[in-house]
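**Q** My questions will all concern the structure given below.
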Amino acid sequence: MNVALYIRNSTDEERQNPKTQIEPLVQRCEREKWTYIVFQEFASGSKESRPELDKMMTRIRNKEFDIVMVWRLDRLGRSLKHLLQLMEEFKKKDVKFISLTEGFDTTTIQGELFFSLVGAFAQFERALIRERILAGKKRKINEGFKWGRPKGSHDKKVRRKSGYLLRWNNTK
């Protein structure tokens, strides 16, 4: 098995030592007799694009890895949306995912179930947000709020017909 170990620290090595993450990940790989490559960086987890993460994802797209392993899920990303995007890409490329300290392991059928539950909750959360937005919009309409751009003085004058419309009329 070829494993990508992703290690991220928010601050420099003096304040957060990456060994806390690296050592248990490497030990797991050695115990399982997996080959591994470490992708380590100091960057904010809120950024979706990070140099080492981007390198790892490029190699995943080239099907160089069977597993991605992190120490904790929040090391990979901070937003649920970004994490789900990464998980979906892993799944499409048939790459398993392991979060070592949280027991999130899609190499097992229990891990696959957990992954499905996380996806279901994310979808449920998105539907709840949409429902609240629509309820707020309905309330505003009932209060007399007008949606859309207000009509102004520019909307009263006749528009000049040029550009695309003239070219489209000439092709008929």
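**Q** Taking each pair of distinct Cα atoms in segment 2-106 once, what is the resulting Kirkwood hydrodynamic radius in Å?
**A** When all Cα pairs of segment 2-106 are included, the Kirkwood radius is 13.7 Å.
**Q** Give the Cα extents of segment 44-152 along the principal axes, in whole Å, largest first.
**A** Principal extents (Cα only, largest first): 57, 33, 24 Å.
**Q** Normalised by the residues of segment 1-139, what does the relative contact order come to in percent, with Cα pairs under 8 Å and at least six apart?
**A** Normalised by residue count, the contact order of segment 1-139 is 23 percent.
**Q** Further question: Please list 94-107, 42-55 highest first by mean number of surrounding beta-carbon atoms within 10 Å per residue. It would help to have the intermediate numbers written out before the result.
**A** Values: 94-107: 17.1, 42-55: 14.1.
For the peptides 94-107, 42-55, the packing ranking is 94-107, 42-55.
**Q** Among DSSP bridges having both ends in segment 2-106, what percentage is antiparallel? Round to the nearest 5. Each step should come with its number before you reach the end.
**A** Working: 2 of 18 bridges.
Roughly 10 percent of the DSSP beta bridges within segment 2-106 come out antiparallel.
**Q** If you count, for each residue, the other Cβ atoms within 10 Å and average over each peptide, how do 4-10, 123-129 line up from highest to lowest?
**A** Packing order, densest peptide first, comes out as 4-10, 123-129.
No value in this document is a laboratory result; all are computed from the given coordinates. In this text the structure is predicted, and so the values were computed from the model without any measurement. Reconstructed Cβ throughout: ideal geometry from the backbone, glycine too, with neighbour counts over all protein chains shown.
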